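Reading through the structure tokens given below for one structure.
Just so it is clear, none of the values below were taken in a lab; they were calculated from the coordinates. Treat the numbers as computed from the prediction; the structure is a model and nothing was measured. Positions of Cβ are generated from backbone atoms using ideal geometry, with glycine treated the same way; all protein chains shown enter the neighbour counts.
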Amino acid sequence: MPRTCTVCSHPSLSEIDKALVTRQSYCAISRSFGLGRDAWRRHAKEHLPERLKKASEHEDVREALDVAAQLKAINDASLAILKEAAC
């Protein structure tokens, strides 16, 4: 049975991922989070790319929702102007 990733099960997972992505000193990551070098290396190689991909997809959805909200606001303003012009 495969071993559980100690980084994925770490309570500070998001902070560790951020430290890895921002290329903080690996010694500092090990020291700050009590992780061995092999643990965060495995995590960075095997799990971090998928987590970043999912985060990117969530950001894309959030941006799309923002655009939809902006378009609705523009549409509402346009309809109000048309209604006022018709009177």
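Scanning region 8-33 for residues that are assigned to a loop (DSSP other than H, G, I, E, B) and either surrounded by 11 or more Cβ atoms within 10 Å (Cβ to Cβ) or touching a residue at least 40 places away in the same chain (Cβ under 8 Å) (or both) returns Cys8, His10, Ser12, Gln24.
Within region 1-38, if we keep just the residues that are aliphatic (A, V, I, L, M) and farther than 20 Å from Leu52 by Cβ, the residue that is nearest to the chain's Cα centre (by Cα) turns out to be Ala28.
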